[in-house]
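**Q** Below you will find the structure I want to go over with you.
Values quoted throughout were computed directly from the atomic coordinates according to the rules given, and no laboratory measurement underlies them. Just so you know, these numbers come straight off a predicted model, no measurement behind them. Virtual Cβ from ideal backbone geometry, glycine too; neighbours counted across all protein chains shown.
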Amino acid sequence: MMGRPRTKYYMEDQLKELFQFLRDQNPQVRNIALSNLVGQTAQESPYRHIFLQGIQRSGLQKPQEPDVIRDLKLLCRDQLATAHDAFRALVNLSDSTVLVPFLVEQSFLTYLVSYILNPDAILADLASMLLSNITASYYTPLSRSGTCPAPVPYPSGEQHEILALPLLIDAFVQGATLDQSGDKSNRARKGDLHFLSSAFANISTSPAGRLFFVTPRPTDPVKPSSALEYPLAKILPFTEHQDIIRRGGVASTLKNCAFHAPAHKAILSPETDLAPVPPSTVAAPGIDALPYILLPLAGPEELDLEDQEKLPPALQFLPSTKKREPDPVLRLTHVETLLLLCTTRWGREYMRTHGVYEIVRGAHLEEAVDKVSEHIERLVQLVKGEEDPETIDDDAVAIKSEEKAVPSDEEDYRIEEV
């Protein structure tokens with residue numbers, strides 16, 4: 001009866017003995033020690049707690065960073081095999097909220113973002129996963145970072161700080177860019193960076209985060225004089241990307257931004273129109289989000305010419321091979337985004353004249369998930385319903401229209417940030 005606990009404690013002590021070798025001068029010793037420890041960082045490991053021991057969170061005493069966590073952060077800069085296991089270990093452990101404050105320490109966060117931004121970073125995808133986990137629990141909108149490790153020779157000129165998020169968005173876009181031949185080896189970046197979309201979604205759950213995505217910024221982050229563009233517009237083309245992580249994170253980011261009602265006009269306006277987000281008077285080309293929301297909901301149905309003319313150009317005369325988004329969670333996310341955009345009179349009117357009903361009508365006929373069907377029905381009531389005199393103002397929130405669609409106390413219809 002006593003054998004098992006003693007065996008467990010013995011194994012625990014043996015694993016702890018490996019911690020000291022993470023600081024060994026011999027790189028092979030560091031690698032071997034870490035390769036034997038990384039498997040114990042998984043959530044289901046019975047020895048995972050040894051990495052979190054020593055964190056104090058009682059009273060006014062400042063939490064102490066375990067030595068092993070500090071070592072893992074340093075090992076992310078080690079040789080490739082060791083750095084891989086160090087990133088992997090921190091990804092596994094970063095779901096613990098008690099650990100996240102040590103991962104957002106300025107020097108490590110700067111290194112993490114810099115590494116992701118480095119086009120030659122082979123482990124950029126693991127680093128993106130770690131950043132995604134960190135932003136799920138902790139987000140600082142003022143994070144700044146250089147773009148990559150210092151080049152040799154170092155260019156002349158003065159150093160200056162650049163916001164990290166615009167650079168991360170550009171890296172995210174480049175991560176999905178293939179050479180015309182389709183050869184991945186010729187890409188501008190080594191990593192796909194799909195998990196950055198999850199970081200964007202996490203960041204946009206905060207008011208400051210979503211405001212970043214709907215604030216006009218220079219198209220080129222390193223050229224302040226370049227034309228203005230909404231950051232959200234850069235990532236929207238990936239709502240139909242083949243990778244579910246990338247398209248799911250983008251869909252969630254868009255949905256979270258739709259909670260900011262003053263941005264609805266900019267979100268829906270076409271690129272040919274300049275639109276500000278009140279109270280700001282700074283305008284940029286419209287984000288033109290509607291085609292990217294509707295395309296995942298559209299199928300191969302044939303529409304008559306009158307209905308086709310209502311649709312945005314990107315949705316007109318879709319091929320017979322067109323398929324809807326296969327994931328019901330993402331279909332629901334897009335429908336909820338449309339519902340949020342219905343909370344302004346201007347938004348409802350725009351969607352009435354741009355084929356929203358014609359697309360969701362076909363989606364409803366094919367939908368097999370009750371919750372998604374119910375939200376589509378709610379959307380149809382808002383788009384096709386008559387306007388209340390109290391919602392005549394474009395900026396008025398259509399509270400009564402939503403109350404007519406569904407009772408306000410029904411939890412199933414509550415839309416939450418994701």
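**Q** Once amide H atoms are built 1.01 Å from N in the peptide plane, which residues 5 or more positions from Glu229, or in another chain, come under 5 Å H to H?
**A** Distant-sequence amide H within range of Glu229: Arg217, Thr219.
**Q** Pairs on different chains or at least eight residues apart, Cα atoms closer than 28 Å: how many lysine pairs in the range 160-293 fit?
**A** 8
**Q** On full extension of the chain, what length is gained from Leu52 through Ala283, given 0.36 nm per residue of separation minus the C-alpha to C-alpha distance? Mind showing how you got there, number by number?
**A** On the way: separation 231, 0.36 × 231 = 83.16 nm, distance 4.81 nm.
The span from Leu52 to Ala283 would gain 78.3 nm if fully extended.
**Q** Let me ask something else about it. If R₀ is 22 angstrom, what is the calculated FRET efficiency for the pair Val329 and Asp243, using the beta carbon separation as r and rounding to 0.05?
**A** On the way: r = 15 Å, r/R0 = 0.68.
Once rounded, the FRET efficiency stands at 0.90.
**Q** Continuing with the same structure: What does the net charge come to around Leu18 if you take all other residues with beta carbon closer than 14 Å to its beta carbon, with K and R at +1 and D and E at -1? Could you put the intermediate results ahead of the total?
**A** Details: positive: Lys16, Arg23, Arg30; negative: Glu12, Asp13, Glu17, Asp24, Asp67, Asp71, Asp85.
Summing Lys/Arg as +1 and Asp/Glu as -1 gives -4.
**Q** A follow-up question, please. Relative contact order of the range 12-92, please, whole-number percent, based on alpha carbon pairs below 8 angstrom and at least 6 residues apart. Display every interim value, and only then the final one.
**A** On the way: 81 pairs, mean separation 22.7, N = 81.
Relative contact order comes out at 28 percent.
**Q** Show me the ranking of peptides 235-242, 356-363 by mean Cβ neighbours inside 10 Å, starting with the highest.
**A** Values: 235-242: 17.2, 356-363: 21.0.
Sorting 235-242, 356-363 by mean packing, highest first, produces 356-363, 235-242.
**Q** Moving on. Residue separation times 0.36 nm, minus the C-alpha to C-alpha distance between Arg361 and Thr110: what's the value?
**A** Working: separation 251, 0.36 × 251 = 90.36 nm, distance 4.76 nm.
Stretched fully, the Arg361-Thr110 segment lengthens by 85.6 nm.
**Q** Okay, next question. Given H placed 1.01 Å from N in the peptide plane, which residues other than close sequence neighbours of Ala284 have an amide H under 5 Å from its amide H?
**A** Those lying under 5 Å, H to H, from Ala284 are Ala275.
**Q** Rounded if a/c is under 1.5, else prolate if a/b beats b/c, else oblate: with a ≥ b ≥ c from the C-alpha gyration tensor eigenvalues square-rooted, which is the range 314-387? Intermediate values should be presented prior to the final figure.
**A** Working: a/c = 1.94, a/b = 1.30, b/c = 1.50.
Oblate, since a/c reaches 1.5 and b/c is not below a/b.
**Q** Return the FRET efficiency for the residue pair Glu349, Ala188: r is the Cβ-Cβ distance, R0 is 35 Å, and the value is rounded to the nearest 0.05. Each step should come with its number before you reach the end.
**A** Values: r = 41 Å, r/R0 = 1.19.
Step by step, r from the Cβ atoms, then E = 0.25.
**Q** What is the extension gain from Asp67 to Val369, computed as 0.36 nm multiplied by their sequence separation minus the C-alpha to C-alpha distance, in nm to one decimal? Don't skip to the answer; put the middle values down first.
**A** Values: separation 302, 0.36 × 302 = 108.72 nm, distance 4.86 nm.
Extra length from Asp67 to Val369 when fully extended: 103.9 nm.
**Q** Which distance in nm do the two modelled labels at Lys16 and Ser225 give, with both placed 7 Å along the Cα-to-Cβ direction?
**A** Inter-label distance under the simple model: 6.2 nm.
**Q** Among 293-306, 372-385, what's the highest-first ranking by average C-beta atoms within 10 angstrom per residue? Could the numbers behind the result be given before it?
**A** Values: 293-306: 16.7, 372-385: 18.5.
The most tightly packed comes first, giving 372-385, 293-306.
**Q** Answer rounded, prolate or oblate for the range 207-325, using the Cα gyration tensor with square roots of eigenvalues a ≥ b ≥ c: rounded when a/c is under 1.5, else prolate when a/b is larger than b/c, else oblate. Walk me through the numbers before you get to the answer.
**A** Details: a/c = 2.12, a/b = 1.67, b/c = 1.27.
Prolate is the answer for the range 207-325, as a/c is 1.5 or above and a/b outweighs b/c.
**Q** What ³J(HN,Hα) values, in whole Hz, does the Karplus curve 6.51 cos²θ - 1.76 cosθ + 1.60 give for the range 301-314 when θ = phi - 60°, with x put for Gly and Pro?
**A** After applying 6.51 cos²θ - 1.76 cosθ + 1.60, I find 4, 8, 10, 6, 4, 5, 6, 4, 5, 6, 6, x, x, 5 Hz.
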